[in-house]
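See structure below.
The values are calculated or read from the model by the stated rules, or taken from the named source; none is laboratory data. What you are looking at is a predicted structure, and each value in this text was computed from that prediction instead of being measured. In this analysis, Cβ positions are derived from the backbone assuming ideal geometry, glycine residues included, and neighbour counts consider all displayed protein chains. These area figures cover heavy atoms from the full protein model, side chains too; ligands, DNA and RNA do not enter into them. Shrake-Rupley method; radii C 1.70, N 1.55, O 1.52, S 1.80 Å.
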Number of protein chains: 4
Amino acid sequence: MCRFIAYKGEEVTLNDIVISPTNSLIEQSKDAKKRKKPLNGDGFGLSWYPTHNDPFPARFVSIEPAWSNQNLQQIASKVRSQCFFAHVRDASVGMPVSQANCHPFNYQKYTFMHNGRLDQFAKFRRNLLNQLSNRAFDLVKGNTDSECIFALFLDTIEFADNLSTDDLTQALYRVIEKIIQIRREADANTNAFINLAVSDGTSMVATRFATDRESQPASLFYSQGKLAIAAGKDFSLNGNSAQNTVIISSEPLTSEPLTSDKSDWIKVARNHAVIVDARNQVVTQAIPIDYQT
Amino acid sequence: MCRFIAYKGEEVTLNDIVISPTNSLIEQSKDAKKRKKPLNGDGFGLSWYPTHNDPFPARFVSIEPAWSNQNLQQIASKVRSQCFFAHVRDASVGMPVSQANCHPFNYQKYTFMHNGRLDQFAKFRRNLLNQLSNRAFDLVKGNTDSECIFALFLDTIEFADNLSTDDLTQALYRVIEKIIQIRREADANTNAFINLAVSDGTSMVATRFATDRESQPASLFYSQGKLAIAAGKDFSLNGNSAQNTVIISSEPLTSEPLTSDKSDWIKVARNHAVIVDARNQVVTQAIPIDYQT
Amino acid sequence: MCRFIAYKGEEVTLNDIVISPTNSLIEQSKDAKKRKKPLNGDGFGLSWYPTHNDPFPARFVSIEPAWSNQNLQQIASKVRSQCFFAHVRDASVGMPVSQANCHPFNYQKYTFMHNGRLDQFAKFRRNLLNQLSNRAFDLVKGNTDSECIFALFLDTIEFADNLSTDDLTQALYRVIEKIIQIRREADANTNAFINLAVSDGTSMVATRFATDRESQPASLFYSQGKLAIAAGKDFSLNGNSAQNTVIISSEPLTSEPLTSDKSDWIKVARNHAVIVDARNQVVTQAIPIDYQT
Amino acid sequence: MCRFIAYKGEEVTLNDIVISPTNSLIEQSKDAKKRKKPLNGDGFGLSWYPTHNDPFPARFVSIEPAWSNQNLQQIASKVRSQCFFAHVRDASVGMPVSQANCHPFNYQKYTFMHNGRLDQFAKFRRNLLNQLSNRAFDLVKGNTDSECIFALFLDTIEFADNLSTDDLTQALYRVIEKIIQIRREADANTNAFINLAVSDGTSMVATRFATDRESQPASLFYSQGKLAIAAGKDFSLNGNSAQNTVIISSEPLTSEPLTSDKSDWIKVARNHAVIVDARNQVVTQAIPIDYQT
């Protein structure tokens, strides 16, 4: 159960979103507000699409905590992007802290991350791996459920590189269905938390999903509008559809209370997806999956 | 403001003290109970005196958090010692996380650590360094107030290697006095938290000290007695002066509530020292310093 | 193609073997003499059996080069053991440098390492993994051919923990046969370099093997006798069967030229094994495998 | 004695200069051609000026070798810049490998690096530090002679941020003179190798200097012209003063033999400087210092 940010919109210096806000991802790395365990200190990662003509994102990851990493401070304060993911990890028990286990995961134009946990992963990991194509299997370098889900995603889209926003969304739904099925076959009948985020640099989709009707998925919020940056402080977003910027985040990044009329942040409903198209327009949608495990 | 353990007594496998207890140092690295900020994730260190005939302690440090470090698990579960220090660090704001800044610090037969903070260190750091002998100055490799205090200690004992328990104790008191004086000269008149621990492998002394009468020093406890290890669980200590083991720790390591008659842990009073001699006998003593800054 | 040491005999401080000699493993990490590429800078590892009553070895690994790692210096200079392995890694092209990929590998009482390379590993990696039991499969955490070979070894011995020296030897031979077969099935018909070393703390076996008749396996040497340590200098071994110490090493560690009568080091012949029993007696043996690929 | 690159000219993706060439800095990190010891494996660093409107360079450093660092591969392949420094380190004996000791060093708009060694540094380090202003003293975080030289440079320019190319050049000469003087006062009369490079993002100056008439400074080359990139291969530079790009490098990066008429690389003469102005025009100049120590 980690914390993440997915950003798409106006070109911005990463630190204005990742570091400066009151409840930034750095702050959440040591003191997340919407988790029982506040600590996400098992490494971090950034993945950004360059501003120049290069469709493939960069990946910068470290096993050090985000809060003390000087390279992260430097890179976030100099790199600009119109689409990026950032993630701070809280490793599941027994799961190594290693660069291969850091999110986001990348392959060609795709970047992907997960906030959650597939309960009883050990029980069905080999079955899941066995269902992968050779191409997807060979991409798995680490030990996490999350990386396996990304491999499943790449197989689901058959490694295509020209997906529409709807293709991307449907693929994510198919991945969740496959996970449910593989878990069912292995009698892994406890809860799976499946908050995923994926982008190809053009569209961006995130899910908030739990397989167990009784429990809540990990928290997920989004915000949209015209971005206004105040250096070293909270940014703000307000509705201007012509220059829309969208931020999807495990927790609100800025300080205004959610209950305030002035809050920029909208809570994503359980088992819903947030879908951002090429023009940065946002739709939320109930995920059409019968999730009873 | 960090957390530490100082151990002297029966030869023991390190993990029985450092890792297995309910409120172990590993636990305190992510969730310290007696600090407002519970996190001590900015690296850690171990320093142990070998069981064979070698008077100089080993040092194992890392900038990774203690909770996820696999080498720490391995080393603590195999190394045995009759005297060792362990420390988890919470770096002061702006202070780099680096191996040179990890405690304990070692020189020849001495091992040393600090839990606290010299407020306004930047204001008097250069003056402090200027007062060091060349020999002590050249030993300072990192950026912390703590390492400077150790250099001051080595100068105070004139690098002697044959101190009695009382010599060691008096040296620690002199170091605190010097710190107070250097701070006074620099008009650094806010609080300094000076919980120190030092050992030469034979004696062991720790202080709980704050310069400000109004505020409490960082927490400090000790426990003594015959050690009984229950593998993978809380050890216990009970009074047996013939086979005494002493543990000094920022927080009680075992679960029994302090208010319980069965608790092994005794709180060290403010501005007192805990002094452990070569036969592992313990004395506590008010630190005879006029600490008004 | 890495460099390694396997030690069994008189209890010794690790640095007398690993660090002090003229051509120590540290020296070989930056300037190996018996390789075309002299560099083994992709991490290192130590695995040692404790001197106290604990049959399971410790593992200390790092992705930093051995030559600059201060923890290695500290640990090697304080830890004593009667049986240990040490390894400096030169990662194959495209293979990540990570702790999971560092040798030695450990499981319960076994420690294992590999100096070599299974050519075209990508071609048969999945087949190899598919042949593992669930128990062995779940132990594979990294990406190397070497770790897969260790998993194959554990399956070959069916995770038994009471092997005779001969059992251990035969198991290693079976592993080499399995590798040859798996490679043959995948049409991986170029060379495989299979210098392995395994111990259970009681016996120790190493192989020097290449599948291709035309090429030489990686270098391998051994030395035996009564150990004489000169602090900070080359140790020496001379024939005293009552107090035998055995060192198996990719390269001679001490400076006497091999051609000298005074050299302690014996070259292991191609496709031979060096077998060390519980009393530290050494036998070399041609590996009875028809190795034509 | 390390290896470095200083680049100024056409905006370029870093990896085209740092990674792709035949004798790239990555290649030099494991196998430098123009040093007796070919290894520069003690960490690395990048410092680049952003392409957007931000005068302060970014710094990305690591204690891992450059050849295996995946973050370096990622960042170099995505970051573009018109001015950057890159450095691979070979630590002097006894000098820690740490992030604080990695080059380049940065302060505000300045980036700085050193390839060389001030012999007998321990003898005059404290004197050098004592001559620094408080402001410069407080910037020194690590243990190297190189970082002290940068502090000396900042004092020399009195932390000014509006230097002409000639100001920058003269400041570097003054720094060398100060070093010579401080060394003389300490009777440090063996050789000092002082290849420095500094930039403020507008101008760029590098020196090739040795204090001893008998010995050669570390190698230094430069190349200039219109840059032509062939993806994944050697770039080329040819004389076109209108679109000049300049690369200063410890070794030629591309494969054409220096003796060839087609070679792009010009050797910098001993005790000369290479001076690059705001329009990327290059002058070489004998350093007007009486360097007899």
Fill in the blank from the handout: Here FRET efficiency (C-beta to C-beta, B:F159 to C:A269, R₀ 60 Å, nearest 0.05) is 0.65
Handout entry: Rounded to 10°, Cα long-axis angle of helix D:121-130 versus longest principal axis of chain D
Key = 80 degrees
Completion exercise
So, in nm and shortest first, the distances from D:I266 to its counterparts in the other copies, with label points 7 Å along Cα→Cβ, work out as 6.2, 6.4, 7.9
Problem - Relative contact order [Cα under 8 Å, 6+ residues apart], chain B, whole percent - result: 21 percent
Practice task
Using the 7 Å Cα-to-Cβ label point, sort the distances from B:H52 to its equivalents in the other copies shortest first and give them in nm to one decimal.
Solution key: 1.6, 5.7, 5.9
Practice task
Calculate for chain B the 222 nm mean residue ellipticity that helices alone would give, adding -39,500 (n - 2.57) per DSSP H run of length 4 or more and normalising by residue count, nearest 500 deg cm²/dmol.
Solution key: -7000 deg cm²/dmol
Problem - Rounded to the nearest 10 Å², the accessible area of B:D200 at probe 1.4 Å - result: 10 Å²
Practice task
For the range C:131-239, evaluate the Debye formula with one uniform point scatterer on each Cα (no solvent term) and list log10 I(q)/I(0) at q = 0.14, 0.15 Å⁻¹, rounded to two decimals.
Solution key: -0.70, -0.78
Completion exercise
The percentage of the accessible area of the range D:3-286 (probe 1.4 Å, all protein chains present) made up of carbon and sulfur atoms, to the nearest whole number, is 46 percent
Exercise for the section: Considering only chain B, pick the residue with its Cβ nearest the axis of the rotation onto chain D, and state the distance in whole Å. Expected result: B:S98, 3
Exercise for the section: Report, in debye and to the nearest 20, how large the dipole of chain A comes out about its Cα centre when Lys and Arg carry +1 and Asp and Glu carry -1 on their Cβ. Expected result: 500 debye
Practice task
Among B:V93, B:A273, B:N71, flag the residue with its Cα farthest along the positive direction of the charge dipole of chain B, charges on Cβ as +1 for Lys/Arg and -1 for Asp/Glu.
Solution key: B:V93
Problem - Sequence-separation-based contact order of the range D:1-133, relative, with Cα cut under 8 Å and 6+ spacing, percent - result: 32 percent
Problem - Shielding by other protein chains, A:281-289, mean Cβ within 10 Å - result: 0
Handout entry: Sum of side-chain charges, C:Q99 neighbourhood, beta-carbon under 10 Å (Lys, Arg +1; Asp, Glu -1)
Key = +2
Practice task
Report, to the nearest 10°, how far helix C:165-185 tilts away from the longest principal axis of the Cα atoms in chain C, using its own Cα long axis and a range of 0 to 90°.
Solution key: 40 degrees
Handout entry: Shielding of A:180-189 by partner chains, average beta-carbon count, 10 Å
Key = 0
Practice task
Using only Cα atoms, find the angle between the long axis of helix D:145-156 and the longest principal axis of chain D, and express it within 0 to 90 degrees, rounded to the nearest 10.
Solution key: 80 degrees
Problem - Convex hull per residue volume in Å³, alpha carbons only, for the range A:3-286 - result: 119 Å³
Practice task
Take every Cα pair under 8 Å in the range B:94-150 that's 6+ residues apart, average their separations, divide by the length, and report that relative contact order as a whole percent.
Solution key: 46 percent
Completion exercise
Expected max-MSF residue from C:N271, C:N162, C:N101 in the GNM of chain C (alpha carbon, under 10 Å) is C:N162
Handout entry: Nitroxide proxy distance, nm - points 7 Å out along Cα→Cβ at D:S236 and B:E177
Key = 7.7 nm
Exercise for the section: Compare C:Q120, C:Q70, C:Q224 in a GNM of chain C, Cα atoms joined below 10 Å, and give the one with the largest fluctuation. Expected result: C:Q70
Exercise for the section: Set Lys and Arg Cβ to +1 and Asp and Glu Cβ to -1, take the dipole of chain A about its Cα centre, and tell me which of A:A188, A:N130, A:Q108 lies farthest positive. Expected result: A:A188
Handout entry: Simple Cβ-charge dipole of the protein assembly as shown, Lys/Arg +1 and Asp/Glu -1, about Cα centre, in debye nearest 20
Key = 0 debye
Completion exercise
Listed residues C:N40, C:N23, C:N53; largest mean-square fluctuation, Gaussian network over chain C with Cα springs below 10 Å, found at C:N53
Practice task
Please work out the average accessible area per residue across the protein assembly as shown, using the 1.4 Å probe convention, and give it in Å².
Solution key: 36 Å²
Exercise for the section: Using θ = phi - 60° and the Karplus relation 6.51 cos²θ - 1.76 cosθ + 1.60, list the HN-Hα couplings for the range C:103-113 in order, rounded to whole Hz, with x at every Gly or Pro. Expected result: 8, x, 9, 10, 8, 6, 7, 8, 10, 8, 8
Handout entry: Shielding by partners - mean other protein chain Cβ count within 10 Å, residues of C:62-71
Key = 6
Problem - Dipole of chain A, positive direction: furthest Cα of A:A32, A:A160, A:A231, with charges on the beta-carbon - result: A:A32
Problem - Accessible-area ranking of D:W67, A:W48, largest first, probe 1.4 Å - result: D:W67, A:W48
Practice task
Can you list the distances in nanometres, one decimal and ascending, from the C:S255 label point to the identical position in each other copy, with the point 7 Å along Cα to Cβ?
Solution key: 4.0, 5.9, 6.7
Practice task
Report the normalised scattering of the protein assembly as shown as log10 I(q)/I(0) at q = 0.06, 0.10 Å⁻¹, calculated by the Debye formula with identical scatterers on the alpha carbons.
Solution key: -0.52, -1.56
